[in-house]
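Peer 1: Can you keep this structure in mind? I'll have questions shortly.
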Amino acid sequence: MLATVHPFRARPRPRVMEPPSARGIGHARGEGPTWIVDPGALEHCRSVLLGHHEQLELRPLSQRTPQLVPMHVPADYDRFCRTHFASVRRVHDTLTWDDACPAYAVALSAHAALCVFFDDVQERLLERHWDRIRGASRLGWLQARPLIAAGCSTLDRIDPLAMHR
């Protein structure tokens, strides 16, 4: 197995504040892990993967303001992502969770939309639309792709139907 290491190139992060409703939820109330994600970006991801991307409004990226909201994540998937992130971080010490989390969320969204493995067709679609799907992540496609692939692979093993219950 060959691994390709791509340098992390930081991009400017959009200035988005966590909504007040997101404070104090998740672990504090025993509901499980919560990630702060851009639902518009994840909806775009699902639409692309389901073949509806021609119908999407494709405003220029400079006009799109990401809105971040909490998303509940299955505990097993959260554990995997944080462990995987820690191992990736050993190679890319400048990588932050805020940049990696949207890639893992895309994997979760893709898995929920397709409930199948991540193949070349889906990969090309995500690559073509990555600038709109990435949300607040500063990762380029080459850095996000292995995180998404690992997330999809793990979701296939954890419980392929868990997102549809």
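The values are calculated or read from the model by the stated rules, or taken from the named source; none is laboratory data. The model shown is predicted, which means the values in this text are computed figures rather than measured ones. Cβ placement follows ideal geometry from the backbone for every residue including glycine, while neighbour counts extend to all protein chains displayed.
Peer 1: Can you name the number of the only condition in (1) modelled with pLDDT under 85; (2) out of contact with any His (no Cβ under 6 Å at 6 or more places or on another chain); (3) assigned to a loop (DSSP other than H, G, I, E, B); (4) surrounded by 11 or more Cβ atoms within 10 Å (Cβ to Cβ) that F8 fails?
Peer 2: It fails just one condition, (2).
Peer 1: A further question on this structure: Going by the structure shown, is D93 acidic (D, E) and under 24 Å from I158 (Cα atoms)? Break it down into steps so the answer makes sense when it comes.
Peer 2: Details: acidic (D, E): yes; under 24 Å from I158 (Cα atoms): no.
No: the conditions fail for D93.
Peer 1: Would you be able to tell me the number of residues in the range 115-165 that are at pLDDT below 85, surrounded by fewer than 15 Cβ atoms within 10 Å (Cβ to Cβ), over 14 Å from F80 (Cβ atoms) and of a type outside the set (V, I, T)?
Peer 2: 8
Peer 1: Is it the case, given these coordinates, that V16 is at pLDDT below 55, among the aliphatic types (A, V, I, L, M) and either over 24 Å from D156 (Cβ atoms) or touching a Ser or Thr at 6+ places or on another chain (Cβ under 6 Å) (or both)?
Peer 2: Working: at pLDDT below 55: yes; among the aliphatic types (A, V, I, L, M): yes; either over 24 Å from D156 (Cβ atoms) or touching a Ser or Thr at 6+ places or on another chain (Cβ under 6 Å) (or both): yes.
In short, yes.
Peer 1: Working carefully through the options R89, R132, find the one that is among the basic types (K, R) and touching a residue at least 40 places away in the same chain (Cβ under 8 Å). Reasoning before the result, please.
Peer 2: Numbers: R89 fails: touching a residue at least 40 places away in the same chain (Cβ under 8 Å).
R132 is the lone residue from the list that is among the basic types (K, R) and touching a residue at least 40 places away in the same chain (Cβ under 8 Å).
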